[in-house]
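Here the structure comes first, spelled out in structure tokens, and everything after it is commentary.
Just so it is clear, none of the values below were taken in a lab; they were calculated from the coordinates. Predicted model only: the values in this text are computed from it and were never measured. We place every Cβ from the backbone using ideal geometry, glycine too, and count neighbours over all the protein chains shown.
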Amino acid sequence: MKLRVNLYSEALFPPELRLSFSRLTKASAALVVGLLLATMLVFALNSSLESDKKQLMAEKQRLDLQKQNLEAALAARGPNKTLVAEVELKAQQLELKQQLFGKLSQQEVLTSYGYSPLMTDLASVANSQIWLNRIQVNENRYIFEGFTASPESVPLWVERLKTTTTLKGHAFASMTMSLGEGQPLGFKLTSDANSSDEGQAK
């Protein structure tokens with residue numbers, strides 16, 4: 001004989017949340033660890049570039065001295081086709097070294113002053129509803145890819161990004177969202193430098 005009657009149906013129970021506080025906490029911790037690892041990587045890359053820069057400077061000084069010696073010898077002996085050709089070759093090598101030195105200097109500026117302030121600004125506007133899995137910096141263009149717990153969190157986060165030092169004066173040219181099967185809502189945000197201080201996300 002059945003003595004109990006269940007008056008509660010499954011529809012009366014609260015829905016099970018796919019995103020819990022513990023998962024959001026773990027995601028935030030993963031973001032912080034990722035930012036720390038990225039900072040360490042930038043520091044290591046910057047040290048390597050600095051070493052290459054010193055080697056190129058030493059090579060440039062050696063080539064400058066060799067060029068001066070050849071020019072002095074050429075002036076003392078008079079025109080010599082072999083020496084003229086060697087001087088031209090050394091001049092070309094020196095020019096190539098200077099070009100490479102310039103590119104390394106530009107790369108050093110990018111790694112020293114591009115990522116570090118960006119990481120600091122991202123940490124200052126961190127949102128527990130948003131976590132990033134890819135950041136790309138190409139001169140004055142920034143691309144952010146990640147996931148969000150709620151669609152309305154992304155526009156609010158974008159407005160906060162506009163107030164940071166790194167992204168001030170940038171227009172968020174495009175933003176796309178996608179929802180994969182069994183995955184949270186993904187988004188991709190592209191920011192381009194704008195001549196004015198106002199930009200709108202599309």
(request) Give me the number: length gained by fully extending ASP192 to ALA76, i.e. 0.36 nm times residue separation minus the C-alpha to C-alpha distance, one decimal in nm. (result) 36.0 nm
(message) Binning at 5 angstrom from zero up to the longest distance, how are the C-alpha pair distances of segment 119-166 distributed in percent?
(response) 5, 19, 33, 29, 12, 3, 0
(message) Under the 0.36 nm per residue contour assumption, what length would be gained going from the current alpha-carbon distance of VAL137 and LYS90 to full extension?
(response) 13.3 nm
(request) Obtain the nm distance between the two label points defined at LEU36 and GLN99 by a simple spin-label model: each point lies 7 Å from its Cα along the Cα-to-C-beta direction. (result) 4.3
(request) Using 0.36 nm per residue of separation minus the Cα-Cα distance, give me the extension gain between ALA126 and GLN68 in nm, one decimal. (result) 15.2 nm
(request) Quick one: what are the phi-derived ³J(HN,Hα) couplings along segment 83-98, Karplus 6.51/-1.76/1.60 with θ = phi - 60°, whole Hz, x for glycine and proline? (result) 5, 4, 5, 5, 5, 4, 5, 5, 5, 5, 4, 5, 5, 5, 4, 5
